[in-house]
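A short worksheet on the structure shown next.
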Amino acid sequence: MTAATLISPSADREEMVEEANPLGLDGIEFIEYATAKPQALGQVLEMMGFKPVARHRSREVLLYRQGGINIIVNAHAKGSPLSDKPIITAIALRVRDATAAYQRALDRGAWGVPTHVEVMELNIPAIHGVGTSRIYFVDRHKQFSIYDVDFTPIPGVDQYPPATAGLHFFGVVQYIGNERTEDWTEFYRELFGFGTLAPEQRFGILPKGRILRSPCPPASRFYIQLIEPEAGVLDVEDDEGLQRIGLGSADVLATVAELTQRGVEFVASRSVQTSERGALTKTWLGSVSFEIVHDLRG
C-alpha cells in the first residue's frame, strides 16, 4: 500500500487540506516517561522549568507542565519492574476525532494496544510505536482535557505555569535500526501524513538522519528525527526507541543562559557546541537529555 493518494484537478481546497492532514493532527498533547525513580526525574524536569501540577487519581503518575508542554512521569508498575533509567514510553497526539484516528491507523496496519481502564478513567486509544512505546490519540485538549478526568490538581499550584524563555514542543528524536529509515518514514507517512524534509533543510546542531514533518498547522507543527546507528556500530533491534525531546526556542542563547542559571549544563565538545541554531543538555539519570532548537514560534 502506498501513502500517495491521487487528487483530481477538480478537488476543492478543503478536500486537499483534509488529505494533507487526514487525522486533523494538531500537535503533541504529552510525552510520557516511565521510571522507578520519579523523584529524581522530577528534579531534572523542575531544573528545566517544569512544574508538577497534578497527580493521577489512582496511579503513581505525575503531570509536569510549562507553557503548552505536558510531560507525564509514570512510576506505576504494570506487571514488570520499572527501570531506574527513565524511558520515553509514549507520545500523545492531538487529533480531531480519537476513535476515528485509531480506526484509520488499524485499517492501515497499525497494532492496537489493549486498554485496561479503571473506574473514573478515560479510555484513550493507542497503537504500538517504536520499541515498546505507545502512540495515543487525544481529542480532548481544548476546553475539556483528559487531565480533568484522570488527574487531581496539586493544591496551591499554578496549573498553567509559564514556559521558560518561551519553550515549546519541537519534536522527538527516534533511534532506529540499520537500514530502517525507509520503513519508519513509511510508517509515519501512511498512518499520520508526515512529510520528509529535503536533506538541506536542517534544524539545530545535530543534523543527522532524516527529519519528518507533521501535517499539523504551523503553530502546532512538530518533527521526528530518525537516526540510524553510526557506521560500524552493531545493530541491535531492541535499541530502537524514542531517545530525547526537542524543545523549540525563538532565542536559543537566551534560553541557554536562563536554563544555565537554573543549574542546567550543556554539552560542549569538538562536535557539539551551543550556538544560535541549538544546544544539547547533558544527560541525566543515564538517559534523559533535551535538545534546544531555534524555532520562531516561540
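When only residues in the range 183-212 that are surrounded by 19 or more Cβ atoms within 10 Å (Cβ to Cβ) and over 21 Å from GLY27 (Cβ atoms) count, which is modelled with the highest pLDDT? Checking each candidate, the answer is ILE205. Report whether or not PRO161 is at negative phi, in a loop (DSSP other than H, G, I, E, B) and surrounded by fewer than 12 Cβ atoms within 10 Å (Cβ to Cβ). No.
So for the range 145-157 (the condition being surrounded by 14 or more Cβ atoms within 10 Å (Cβ to Cβ) and modelled with pLDDT of 95 or more), does at least one residue qualify?
Taking every residue of the range 145-157 in turn, at least one turns out to be surrounded by 14 or more Cβ atoms within 10 Å (Cβ to Cβ) and modelled with pLDDT of 95 or more.
Filtering GLN174, GLN103 for residues that are crowded, with 19+ Cβ neighbours inside 10 Å and either outside any loop (DSSP other than H, G, I, E, B) or modelled with pLDDT under 95 (or both) leaves a single hit, GLN174. Taking the criterion of being more than 21 Å from ILE71 (Cβ to Cβ) and assigned to a loop (DSSP other than H, G, I, E, B), the only residue of the range 251-266 that qualifies is ASP251.
Does the range 223-240 contain any residue that is in contact with a Pro (Cβ under 8 Å, 6 or more places away or on another chain) and outside any helix (DSSP H, G or I)? Yes: the range 223-240 contains one or more residues that are in contact with a Pro (Cβ under 8 Å, 6 or more places away or on another chain) and outside any helix (DSSP H, G or I).
Kindly evaluate GLY241 against the criterion of being more than 24 Å from ALA90 (Cβ to Cβ), modelled with pLDDT of 95 or more, outside the structural domain of ILE127 (by TED's automatic domain parsing) and within 19 Å of the chain's Cα centre (by Cα). No. Would a scan of the range 253-267 turn up a residue that is modelled with pLDDT under 95, over 16 Å from the mean Cα position of the chain (by Cα) and surrounded by fewer than 16 Cβ atoms within 10 Å (Cβ to Cβ)? For the range 253-267, residues modelled with pLDDT under 95, over 16 Å from the mean Cα position of the chain (by Cα) and surrounded by fewer than 16 Cβ atoms within 10 Å (Cβ to Cβ): absent.
The values are calculated or read from the model by the stated rules, or taken from the named source; none is laboratory data. No experiment lies behind these values; they were computed from the predicted model shown. We place every Cβ from the backbone using ideal geometry, glycine too, and count neighbours over all the protein chains shown.
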